[in-house]
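Asker: Pasting a structure here, questions to come.
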Amino acid sequence: PGFRLAWVVMFGTPLLWAILTLVHPSGEGDIYGDLQDQVGRWLFVHVAQVVLAPFLAIAVWLLLRGIDSLAATISRVALLFWLVFFSTYDALAGIATGVLVRQANSVSGEERASFAEAADFLFDSHIGGNISWFAFVAGAAWVSVALAAAMALRGVGADWLPTAAAALSALFAAHAGYVAF
């Protein structure tokens, strides 16, 4: 049973994440304008990503189990940074922004404009928004996780498919949409 669960985590989690990536609404520029009609999907995707993040970390850890190399160690350390910074980033730029957009949708007039402005401010914030240190560290950490994992797998003679999949997952650092593939 434990072996099957490991396979479900290792293959199911990236598959679910890929599906989420494909349905991730685009939020660029005027975040309220972009998300006002898609806020439910936006919130679903970001809550799901925060829930899946630990499982993705477990999947990488399982993929690298038994590999004792510098590349595997780099991947594991970078994975811890990714988990912390990505979860924080997604909670702020994703969930909190979505909550503000949802609130803006529930009011009108000046109050709507205030919540919409707050959503834009949060999403554009250099502290926790889309272009922030949390986003930057999360992206750089995932690229390190992916490329070091690919090197570790290649170093132990793993098949080309898991090695290529690990390397190509570096594109995941783009976070959303078709660009992430």
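The values are calculated or read from the model by the stated rules, or taken from the named source; none is laboratory data. Remember, predicted model here, so these are calculated numbers, not experimental data. All Cβ positions, even for glycine, are placed from backbone atoms using ideal geometry, and neighbour counts span all protein chains on display. Each accessible area value is taken on the protein alone, full model and side chains, heavy atoms only, with ligands, DNA and RNA left out. Shrake-Rupley method; radii C 1.70, N 1.55, O 1.52, S 1.80 Å.
Asker: Taking the alpha carbon gyration tensor of the chain, what are the square roots of 5 times its eigenvalues, largest first, to the nearest whole Å?
Answerer: 35, 16, 12
Asker: Which percent of Cα-Cα pairs in segment 23-69 sits in each 10 Å bin, short to long?
Answerer: Histogramming segment 23-69 at 10 Å steps yields 24, 32, 22, 16, 7 percent.
Asker: Along its principal axes, what span do the Cα atoms of segment 1-89 show, with the longest given first and each in whole Å?
Answerer: Answer, in whole Å and largest first: 49, 29, 16 Å.
Asker: Another question, then. With a cut-off of 8 Å between alpha carbons and a minimum separation of six or more residues, what is the relative contact order of the chain in percent?
Answerer: Dividing the mean separation by the residue count of the chain yields 25 percent.
Asker: Sketch the reach of a paramagnetic label on Ala18 as a point 7 Å from Cα along Cα-to-Cβ, and name the residues of segment 62-80 whose backbone nitrogen lies under 17 Å away.
Answerer: Answer for segment 62-80: 63.
Asker: Also, I was wondering about something else. Dipole of segment 70-153 (Lys/Arg Cβ +1, Asp/Glu Cβ -1, origin at the Cα centre): which of Trp142, Ala119, Ala71 lies farthest to the positive side?
Answerer: It is Ala71.
Asker: Would you mind computing the Rg to Rh ratio of segment 84-181 from its alpha-carbon coordinates, Kirkwood style for Rh?
Answerer: When Rh is taken as the Kirkwood radius, the ratio is 1.19.
Asker: In the chain, what percent of the accessible surface is made up of carbon and sulfur (1.4 Å probe, ligands and nucleic acids excluded)?
Answerer: Summing carbon and sulfur atoms, their accessible area is 72 percent of the total for the chain.
Asker: Here's something else I'd like to know. Quick one: length gained pulling Glu117 to Glu28 fully straight, 0.36 nm per residue minus the C-alpha distance?
Answerer: Result for the pair: 30.6 nm of gain on full extension.
Asker: Provide the per-residue ³J(HN,Hα) series for segment 44-49, in order, calculated from phi with Karplus coefficients 6.51, -1.76, 1.60 and θ = phi - 60°, each as a whole number of Hz, with x at glycine and proline positions.
Answerer: My calculation for segment 44-49 gives 4, 4, 6, 5, 4, 5 Hz in order.
Asker: Related question: Which peptide among 151-163, 103-115, 40-52 comes first, and what is the full order, when sorted by highest mean count of other Cβ atoms within 10 Å?
Answerer: In descending order of packing, they fall as 40-52, 151-163, 103-115.
Asker: Related question: How long is the gain from Val99 to Leu171 if the chain were fully straight, where each residue apart is worth 0.36 nm and the alpha carbon distance is subtracted?
Answerer: Length gained between Val99 and Leu171: 23.2 nm.
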